[in-house]
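Visitor: Take this structure first; my questions come after.
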Amino acid sequence: MSAPSEKSVIFCTECGALNGVPHGSDLTQGKCGSCKAPLSTVKPREIDDAQFDRLRARDTGAYIIDLWAPWCGPCRMMAPHFDAASKTFASDVRFFKLNTDIHRLAPSKLGIRGIPTLLAMKDGRQVELMAGALQGNAMTDWVASRFDVTPQAS
């Protein structure tokens, strides 16, 4: 992918529109130009395989996808910490969840063999693919260091 431009391309998970957002903009203030849905993810959004493909192909913003399954104990243990991080970093990073029991193409494309796995993306590139559950400060520190952002008070 080419060098980042002055704008990030943000994929709206509600309507599928692509939105140009100036770098450094507070995502909690942004709305989709088509459907007016919020661009931030104060609460993680569920996505499917098609949305996963579109995010990876076109979105150049900062986001994390939690690949999980309902039967997975570590996934359930990590979920409240992932939810809390989505609130903490809502102005800078978006948070998505992909249920690997229902949507199997994405984990297959990534070669995922275990869950939970976190996929961090920024500027259209994979920043990290991390297997295992994170909790509390470990989650906050991981997000902050991968995206060079500061946690916001909730």
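Residues are listed down the side, and each one gets a yes or a no for (1) touching a residue at least 40 places away in the same chain (Cβ under 8 Å); (2) of a type in the set (S, T, N, Q):
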residue	(1), (2)
ASP49	yes, no
ASP53	yes, no
ALA57	no, no
TRP68	yes, no
LEU105	yes, no
GLN126	no, yes
THR140	yes, yes
VAL149	yes, no
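Visitor: Here's a follow-up. Do you know which residues across the range 1-10 are among the polar types (S, T, N, Q) and part of a loop (DSSP other than H, G, I, E, B)?
Guide: Passing the criteria: SER2, SER5.
Visitor: Is there any pair linking a residue in the range 72-89 that is closer than 17 Å to GLN152 by Cα to one that is of a type in the set (Ser, Thr, Tyr), with Cβ under 7 Å and at least six apart or on different chains, and which?
Guide: ALA85/THR140; SER86/THR41; LYS87/SER154; THR88/THR140; THR88/SER154
Visitor: Any idea which of (1) touching a Leu at 6+ places or on another chain (Cβ under 6 Å); (2) among the aliphatic types (A, V, I, L, M); (3) over 25 Å from SER145 (Cα atoms) is the one ILE47 doesn't satisfy?
Guide: Tallying (1) touching a Leu at 6+ places or on another chain (Cβ under 6 Å); (2) among the aliphatic types (A, V, I, L, M); (3) over 25 Å from SER145 (Cα atoms), ILE47 fails exactly one: (3).
Visitor: Right, something else. Tell me which residues, restricted to the range 1-36, are in contact (Cβ under 8 Å) with a residue 24 or more places away in the chain and closer than 19 Å to LEU98 by Cβ.
Guide: ILE10, PHE11, CYS12, THR13, GLY16
Visitor: Determine if the range 121-138 includes at least one residue that is surrounded by 13 or more Cβ atoms within 10 Å (Cβ to Cβ), among the basic types (Lys, Arg) and touching a Phe, Trp or Tyr at 6+ places or on another chain (Cβ under 9 Å).
Guide: Within the range 121-138, one or more residues are surrounded by 13 or more Cβ atoms within 10 Å (Cβ to Cβ), among the basic types (Lys, Arg) and touching a Phe, Trp or Tyr at 6+ places or on another chain (Cβ under 9 Å).
Visitor: Here's a follow-up. Every residue in the range 115-147 that is in a helix (DSSP H, G or I) and more than 21 Å from SER8 (Cα to Cα), please.
Guide: If the condition is that a residue be in a helix (DSSP H, G or I) and more than 21 Å from SER8 (Cα to Cα), then GLY136, ASN137, ALA138, MET139, THR140, ASP141, TRP142 are the ones that fit.
Visitor: Output the number of residues of the range 96-120 satisfying the condition of being under 14 Å from ASP48 (Cα atoms) and either in contact with a Phe, Trp or Tyr (Cβ under 9 Å, 6 or more places away or on another chain) or of a type in the set (Ser, Thr, Tyr) (or both).
Guide: Count: 11.
Visitor: Sticking with this one: For the range 103-114, how many residues are touching a helix residue (DSSP H, G or I) at 6+ places or on another chain (Cβ under 6 Å) and not in a helix (DSSP H, G or I)?
Guide: Matching residues across the range 103-114 total 1.
Every number in this text was worked out from the coordinates using simple rules, so none of it is lab data. Everything quoted here is computed from the prediction, not taken from an experiment. For neighbour counting, all protein chains shown are included, and Cβ atoms are generated from backbone atoms with ideal geometry for every residue, glycine included.
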